[in-house]
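Take a look at the structure below.
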Amino acid sequence: MLPDALLGVPAHRAGLLVRDPALTVGVVQIIARPSGLEVELIARRGVPGPRAARHFLPPYDEGVDLRVGRLDDTGRARWEYGAVSSDGAMWRTRTRFPACYDEFRLVLAWPEIGFPEFTTVLPLPARDEVEQGCASVWEAPVFMAPVPVGVRHLPATDFLDEPPLETGRICARPRVLARDQDGVVVLSRLTDVDGVLSMVVQSHARIRLPVDTHGPWGATIAVLRDREAVHLDPYQGEAGDFFASSEFALLRPPGEVLDLVVTWPAVGLSGVRATIPLD
């Protein structure tokens, strides 16, 4: 099984953490697992100011982006360095921390642009909730159904840009959307940003997938509307021999559910229906 092929427990509803003239920072997602805590943040630069004071950063640390850490039981900062993507004005970072329960003391720093060190205490699920809520994607419950007869499959019609995820709210828990013997498709995040949904779908395979059969980003996703399944084009993604991840933007449908058609012929999924309740 691939690392982190576990459904995690959402530990934060997302949203802005701090507004400062030099920088705004918000939570995209925080997921708790027995193997560790995954914190995904977005920071956007504002107007730089004079260098800010250092209390937790060591004096020799000089950086060109946001530093993310935690305060341990003694009040000492433990800095972690995760995956970062940036366009020069926006930083998106995914950082992994040791497993943590009940509460998490987050610390952020970027003194070089005038952003003062920031600390906050975030409530987390208890150990029992995390351990009970995490299951292998190959074993977790899956509620997939046949695609209704007569559905027309249509190409993508509207392309939406990536919304400002750090201002949105998580509106569904991670879940298995579809599964066959050789592959499983997972909803890992669904965020509502003022009526636009940002959705991350992960595709895990047990077989090595030749590039010409699995496409660039794993499973194909369509939104089911009445008798039409409208294909979604991802605005970003990554893929390898056994794993792919795609990120989509779509308008939130009316009602309280998102109806999808999931297709991944390379692993035997010719098309199934997956319905996601929306919070």
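The values are calculated or read from the model by the stated rules, or taken from the named source; none is laboratory data. Being a predicted model, the structure only gives us computed values, none of them experimental. Don't worry about glycine lacking a Cβ; one is built from the backbone with ideal geometry, like all the others, and counts go over all protein chains shown. The protein model used for the area step is the full one, side chains on, heavy atoms only, and it has no ligands, DNA or RNA in it. Shrake-Rupley method; radii C 1.70, N 1.55, O 1.52, S 1.80 Å.
Considering only segment 233-275, state which residues are touching a strand residue (DSSP E or B) at 6+ places or on another chain (Cβ under 6 Å), under 20 Å from Ala205 (Cβ atoms), open to solvent by 10 Å² or more (accessible area, probe 1.4 Å) and not in a strand (DSSP E or B).
Answer for segment 233-275, where residues must be touching a strand residue (DSSP E or B) at 6+ places or on another chain (Cβ under 6 Å), under 20 Å from Ala205 (Cβ atoms), open to solvent by 10 Å² or more (accessible area, probe 1.4 Å) and not in a strand (DSSP E or B): Pro234, Phe242, Gly268.
In segment 124-133, which residues are touching a residue at least 12 places away in the same chain (Cβ under 8 Å) and either assigned to a loop (DSSP other than H, G, I, E, B) or open to solvent by 100 Å² or more (accessible area, probe 1.4 Å) (or both)?
Leu124, Pro125, Ala126, Arg127
Tally up the residues in segment 134-173 that are open to solvent by less than 40 Å² (accessible area, probe 1.4 Å) and under 17 Å from the mean Cα position of the chain (by Cα), please.
Qualifying residue count, segment 134-173: 9.
Got a sec? Which of Val64, Val28, Val47 is over 17 Å from Glu103 (Cα atoms) and assigned to a strand (DSSP E or B)?
So the residue among Val64, Val28, Val47 that is over 17 Å from Glu103 (Cα atoms) and assigned to a strand (DSSP E or B) is Val28.
Could you check segment 102-123 and list, in sequence order, the residues that are within 20 Å of the chain's Cα centre (by Cα) and open to solvent by 20 Å² or more (accessible area, probe 1.4 Å)?
Scanning segment 102-123 gives a single hit, Pro123.
Please go through segment 217-232 and give me each residue that is open to solvent by 40 Å² or more (accessible area, probe 1.4 Å), assigned to a loop (DSSP other than H, G, I, E, B) and in contact (Cβ under 8 Å) with a residue 40 or more places away in the chain, ordered by number.
The answer is Arg227, and nothing else.
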